Structure formats: structure tokens, C-alpha cells
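The values are calculated or read from the model by the stated rules, or taken from the named source; none is laboratory data. The shown structure was predicted, so the numbers you read here are calculated from the model rather than taken from an experiment. Cβ placement follows ideal geometry from the backbone for every residue including glycine, while neighbour counts extend to all protein chains displayed. Note: accessible area is taken over every heavy atom of the protein model, side chains too, but ligands, DNA and RNA are not part of it. Shrake-Rupley method; radii C 1.70, N 1.55, O 1.52, S 1.80 Å.
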Amino acid sequence: MRISAIMLLSLCTVLNIQAQGVRSESLLREWEFRNDHDTAALQGWEKVTVPHDWAIAGPFDRANDLQTVAVVQNGETNATEKTGRTGGLPYIGKGAYRHTLPIEGSTLDGRRHILLFDGAMSEARVFVNGVQVCFWPYGYNSFWCDVTSALEEGDNLLEVLLENRPQSSRWYPGAGLYRKVRHITIPKIGVPVWGTYISTPFICDEYADVTIRTTVDGLDREEAVTLRTSIFDAAGNKVAEQTDTRKVLDGEIIQKMKVMSPELWSPETPVLYTARTEVLTGGRIDTDWADGHYKHFSTIRVDGDVLQDAVTTRFGIRTVELRPDKGFFLNGKPRKFRGVCLHHDLGPLGAAVSKAAIRRQLTILKDMGCDAIRTSHNMPAEELVELCDEMGFMVMAENFDEWDIAKCANGYHRWFNEDSGNGIVWAERDMMNMIHHFRNYPSIVMWSIGNEVPSQHSQEGVAVAGWLQNLYHAEDPSRPVTCGMDQFDSVLGNGFAAQLDVAGFNYKVHRYGQAFAVLPQRIILGSETASTVSSRGVYHFPVSVGPDQVDADHQSCSYDTGHCEWSNIPDEDLAADEDYEWCLGQFVWTGFDYLGEPSPYDTDAWPNHSSVFGIVDLAYIPKDRFYLYRSRWNDNEPTLHILPHWNWKGREGEVTPVFVYTSYPSAELFVNGVSQGVRTFAKADGVTPCLGEKAMERFRLMWKDVVYEPGELRVVAYDAQGNVAAEKTVRTAGKAAALKLCPDRTVLRSDGEDLAFVNVSLVDKEGNPVPVDSRLVKIKVSGAGSFKAVANGDPTCLEPFQQPRMHLFSGQLTAIVQSGDTPGEIVVEVEAKGVRKAVCTLRTEASND
Ligand code: GAL
């Protein structure tokens, strides 16, 4: 049978209606919010849509997160005044949300009512009609509470109280109900939340074994239950079906099925399957003992036919394997992680989850050739992992930035070892939720037990690491476990690193060989790399390579040569990936700039309040570094990129180096038509580690002595045979003449949630970018959509993201436009003093998926 995804959905809906009692699920989007815990107040409630981040609208203020601390993590020993450390936004404090939930009396008869929170920041106390039904301290985790006994027929008052303490985070965590909230009803006999676990223990070309474990609640141990499971391929064809009648015994039923000629999931082929499992009663298992010469028995099974519940689980078929000396293998093929670390905030949208914004991030990263994401340093949003499944990214899902030893005075260490109320400590509760929530997602190929935890030094820490790894193994034996380690000597000496499936090192590229020589796994992962800093379009002279470069303009140089004291330039990690077969690749810190952690401007350096570690800035605009990675990671399209821009009034006659990031083997640079010579990439010379300038010569074509004169910078790239393969030109701009609009897409879904990222730039009358202008731009959006937010990527900019005006940064900014819920045209207009305004038209359309 061949059915489409839509047909499958309507089939499910029909089944839901026909069968008394199958589950229901609804999003709770409309809430009221106030910025304290005074829930008795009659006034002062604001209507909000969840996901909601109460702090992102600002205003930014130095006082919001001023701290006098020593960041031990960064090697500091004396306390100093830290500014902008968590984004300078007002996230600290209390917040209350309320929502009225109507309940039909008929659903209170045996059915379970669940509230499922994908994440609530933080220390969430959930009340139903004034009764506390659950408490969940960790703001990044998903949790659910069974609220059945607190509900009444008619309107029910749901309240969620949240509190963010000062010094509870090392970055901007967001505030509020920043991820989805769902109300789920489950029949008395039914599958609990995250009650299925699908694995694919054996895969060959002909078939894949698929094991489906389904938990069924509401039956006695000895009672029979029938599971009818159908597996559908991506096109909706039914590819397997099986009915099993079993006793529930431990509450879990295991079905073993086969999918013939399986299509394997990979970043290049993100093929997904769907299993639909129906839970039926009315069957029986009769066992007959015969007492003849030999004792034997026969079993008669009669399948049930009364539908109680039905669940749909998406999964993928793929293998993940580690081979000593050889590295990481996906579906039997070796590959290196071309990964980035991501914090969860979405820049100008804050922490409030937006699938459209995450999709935009992943689209940009895909173009770079990135194939993996580390969810640093906490549980990801469901939307991120769903999109990684669909768009093809491997995920390292991480749980904690702190165990029981503090990095922040009020961080997670306060909960780690605390009893969660049922004899299980929060660390374990949090792990269970995370694993059960995400273990069916094929994109997740590895778990992490934490990031740079101070416990790396101690024997207790070694034991905790073992315990956390075991929790992963016990709940999900199908994936390896790693940890982001930075205490190199400790972890090699005390057994911490040796016990992990994968030894993950943060910023220790110069010592990988040393670790490899002594660790039994004989593989090393760059769990966090580079931490190179740069501000888009800003260049400082003379160009120097090295740590902790600060400048009067509070920006970091975009020649991609500056980094932190503990980190390095990208080239060294790229070299390690090439030079060491046993190196699994890397996760660069970070894919995107994020709010908070404005190193190296984090000590009394206000107004800096966002990081400059990103390959892409806070306005979703790629920096130069993007092309450096792209030149090595994008296997499908060539890269040819020149830096810097060529607008240096006052620098005439001065040395202004030119770098080219390219996938071609060599290139020639011309300044106003005069050749500056051909450059070719240096070859690896077999000496490892390959560091500093030597590494740069392998990954960048550099003309270090170019003397600036206004005009034209042209690079001609040659292929391996010396033929001209591509050209790129950068010109000195004339007077700014006009604004230019460039939307990432022109057709949006009319779902009230879709986003267009409209790049706004300044050009001269020939259309050349003017990258040194910062005039104020006003934005107007009308028609079938609205203005959502704006950002310019300047880490020092204190203008609010939610006002339709902002100054350009290095000649650009991004206006984010949100679709309305009816199809139509959206008109985006931008204007600025002294230049021609620009207009573009987008369209919204109804979508069925
Ligand atoms: C690492 C840490 C990250 C971030 C980064 C900045 O040590 O794991 O969370 O702080 O440094 O370079």
C-alpha cells in the first residue's frame, strides 16, 4: 500500500475519532505572564504566546548581570568586575505564567492528563487549580507531570512559577516558558510519554533488524496486550507490519521486525521511517502443558481487537561505530565530524524556540559543509533535533556544564546530587528524561556527559563520569559517550579519559598525539575547538596571530588570527583532522555568535555583551571564517573568498594583507590589475602537530605585504592543471547611494510562525557594498506579515532587537519578518538618511506539511 504523509495523518485522525479513548495532544500557546510571583494580582498580566522569552526585549543594562567573580574556568584567580557575561539582559528574577485549560468531564474517567514542558527557565513549579503538581529545576530539560488528580470538569487554572537566580549561568540562558508546552491525554491502557524505544541492531544491504520496545501502562503484569506496528518509509509506503500478543510483564513489550532494502540515514541522505504502533486489548494467551514422555507446552495466542491507544515514532536506520586507530564510522564509512557547537539562543529572538530560525541557522551551516552539531552544554530543543534528523546533521547531545562542583555560584551543582523527591538524584532524573526524549532520533550519534566539569581533577569525578556514562549505556546501548575535557594532565593521569567511549578534548589540538599514545581507545575527538574571535567586517592592523587581542573599538579582528589564551586559530584543528586518521574531527566553538560571554571583552568592558566566537554573527550573517571552513568542508560547491574589504581611507600606502579562502589549489592576486603573485597551499610535511603560521599556510592563501591603494582587488583561482577556474573582485566603494534588500527566501508559510531573514546592506551607485558605514536604518513591514526583530551583529550594540530600527554594522544588518496566518503579500521597506530606500515583496502561502 502507498499512502502519503498527509493521508497517514488523516488516517490517524480518523482512527482517533473511531476508537474511544486514543490519545490526544494539543499545544498550549496562549498564556498570560507577569514579571513576579504575585499570582493573586488582578492587574498587570500581559498576554503572551509560548514559546516566550521574557528578557529578550531588554533593555540591555550593565547592571542586569554585573558580577565580581574570578572565572576559574578561564584560569582566573582574582575576582574582577564582569560585564555582559550573560548578555546584559533582564533575565534574572521571577516570572509567572497562567493559562485556563478547559476539561471535558468524560476525559477524567481513567484517562491520564499530562502537561509536557520542553523546557522552562528555570526552577519551574507547576500548579493546577492552586495545587503544586510538579517541580523541575533544570531549565534546559523536558519534563512532564501527570496532573489528572488535580483537574476538574470545566475550566482549570494552570500556573507556572519560574525563577532565575543571579550567577546561575555562564551565558544568556533566556527566561520563561521558552520552549513548547503540550497538554496530552493518554487512555488508561496506553503508552506513556517517550514510551517507545526503537533501535536497529543489525543492518545489511538486504534488510535491517528493527527492535521496537513499547511501554504499556494500565494493565496487570500477566495481562495480554496486542501491539500492531506498521513501519512506513519516507514516502508513506508501508514497508513492514507485525502484530504481537504478549504479556506486559515488566511493562515493556519488545517487537522485532525487518525492513527490507533499508535506506540508510546520513547527513547526505537524511531518510526517515515512521513506526505506528496500535495498542489493542481483548486478546489472550493460552498455554497448554502436556505431560507425555517429554514435558512440553504449546501456546495459543489470540490477537486483541479493541484499540486503546496509538503512537507514532519517527526513526532512522543507520550504524554508528568507533574503530581504534581509524576513527568514527557512519554506515560503515569513515568520516570526520565537521561540526560546530551551538548555544540555544537564537540571537535577536532570544531563547524562545523558533523552528524557522533554527532552520535558517542549519541552512547556513549546511552551505558551509557542516555536518554535525554539539548541543553545548545542555539538552537541545526538540525542534533542533527534529530538523537535524530532516536536514541531515549528526548531533552530539550534551547534558550538563556543571556537575556537583560549581562553575557559577547558583549553577546546576545545587541540584546535581539532590534527591529529586523519589530517592533519585536530579542528575539521574535529568539524564533519564533526556535519553528517553531523544533516543529515537537518528541524528543523535553520540551522548556527552558534560563540559569541562571541575570534577575532572578528582577520583570522585572519575567515578561520577563512570556513573553518568553507565546511565547512558543502560538506557541506550546504541550510542557512544564522550565528555568535553579540558584538564588534560588530570584526565590522562587519573583514568577519567581512559574510561570514556570517546575521549573528547577541548582546545588541546597541540597535545592530541600525546593523548593518543596513552589512551586505550586509540581515537580522539576535538569536542570543542578553535574559539577564534572575530567581529564581522572589522580589521585591525598590524595583523597579529595570537591570544587575547583587545582593541579600543571593543571588536575582534576579522583576519581570523585572534583567539583566547586557552584556544587557537582554526587552521590547527583543520590540520589535525587531516593529519591524524584517529582524530574523529571537531566541533568548532561556535557556529553562531550567542548572547553573553563577550571574551575577550568580558572584564569591565561594557557595552560588550555577546560573544564573537561565532563563524556566523548574531544577525545570521557569515563572517570571513565561514569561508575558511567552507573551503574545506563543502564538498559540492567551490569556495573563493577575499578578505579584507578594500575601503581604507587614510591607509593609502600602508601594508594591508590580503587572505583568500578557497577550495582551489592556487590563486593569483591583482591590485588594480597588477599581479601580486601566485600562491599555492603548503603541503602537510608529516610533522605533527602542525601549528601557527605553518598551519595557516596549509589553509589560507596569503599575500601579507600588499600595499593599500583604492581601486580593485581581484583574485583569479587556478585548478590543479593551472587553468583559470574562478574569479572574484572586491572594489573600493564610492559614496553610499542606496539600501539593498536581499531576503533569504521570498515564499513563506502562512502559519503565523514562519520567518524571512532579510539582509539589508548599503551600496554605492555601482552596486558595490559600502562596508564601513553604520547609519540608522528604519524598517517597515506591511501586508500578510509583520516585523519580528532586527540585529546587526555588533557585540557592543545596545539597541533593542524588537524595535524596527537599528544602525548598520559594517554596512549590514538583518531584518526578521514573520508571516501572518493568511496567504498574501508582505511588503518590506527600509530607509536611511541620505540614500535611496529599498523595497521588496515576499509572499505567504498555505502549506500542508
Ligand atoms: C570553553 C567552554 C565554552 C566556552 C569557551 C569559550 O572552555 O567550554 O563553554 O566558554 O570555552 O572559549
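Using the structure shown, select from K256/K355; K47/K788; K82/K833; K94/K180 the pairs with a Cα to Cα distance greater than 25 angstrom.
On the way: K256/K355 34 Å; K47/K788 17 Å; K82/K833 37 Å; K94/K180 19 Å.
In this structure, K256/K355; K82/K833 lie more than 25 Å apart at Cα.
For the chain, give the percent of accessible area contributed by carbon and sulfur heavy atoms, probe 1.4 Å, rounded to a whole number.
50
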Computed over the stretch 736-845: relative contact order in percent, which uses C-alpha pairs under 8 Å that are six or more apart: 37
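What's the long-distance tail for the chain, i.e. % of Cα pairs beyond 39 Å?
Percent of Cα pairs beyond 39 Å in the chain: 42.
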Rounded to 10°, Cα long-axis angle of helix 570-579 versus longest principal axis of the chain: 60
Principal-axis tilt of helix 459-475 within the chain, Cα atoms, nearest 10 degrees: 60
Alpha-carbon centroids, the stretch 603-636 and the stretch 550-596: separation in whole Å: 10
Charge dipole of the stretch 736-845 about the Cα centre (unit charges at C-beta), most positive-ward option of F787, H807, A737: A737
Principal-axis tilt of helix 355-368 within the chain, Cα atoms, nearest 10 degrees: 50
Net charge of Cβ neighbours under 9 Å - reference M485; Lys, Arg +1; Asp, Glu -1: -1
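Determine the per residue accessible area of the chain with all protein chains present and a 1.4 angstrom probe, expressed in square angstrom. Please report the intermediate quantities before stating the final value.
Numbers: 32500 Å² over 849 residues.
Ligands and nucleic acids excluded, the figure is 38 Å² per residue.
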Cα gyration tensor category, rounded, prolate or oblate, for the stretch 509-568 with a/c compared to 1.5: prolate
Full-stretch length increase - R284, E727 - with 0.36 nm per residue and alpha-carbon distance subtracted: 152.1 nm
Relative contact order (percent, whole number), the stretch 488-644, Cα cutoff 8 Å, 6+ residue spacing: 21
Size of electric dipole in the chain: Cβ of Lys, Arg +1 and of Asp, Glu -1, about Cα centre, debye, nearest 20: 1580
The stretch 232-275 versus the stretch 141-202: alpha-carbon centroid distance in Å: 27
Gap separating the Cα centres of the stretch 796-837 and the stretch 712-773, nearest whole Å: 17
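Please identify every one of the trypsin sites (Lys or Arg not before Pro) in the stretch 809-849 that sits in a loop by DSSP and has no more than 13 other beta carbons within 10 Å of its own beta carbon.
Numbers: sites: K833, R836, K837, R843; in loops: K833, K837.
Here the trypsin sites (Lys or Arg not before Pro) that fit, given the DSSP loop and packing criteria, are K833.
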Loop-resident sites, the stretch 571-666, for trypsin sites (Lys or Arg not before Pro), counting at most 15 other Cβ within 10 Å (DSSP): K649, R651
Inter-probe distance in nm under a simple model that places probes 7 Å from Cα toward Cβ, at W45 and R165: 2.9
Where chymotrypsin sites (Phe, Trp or Tyr not before Pro) fall in DSSP loop in the stretch 219-295, at most 11 other Cβ within 10 Å: Y294
Hypothetical label at V320: residues of the stretch 359-373 whose amide nitrogen lies under 12 Å (7 Å Cα-Cβ projection): 373
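Could you grab the relative contact order for the chain? Cα pairs under 8 Å, six or more apart, rounded to a whole percent. Before the final figure, lay out the partial values.
Numbers: 2257 pairs, mean separation 79.8, N = 849.
Normalised by residue count, the contact order of the chain is 9 percent.
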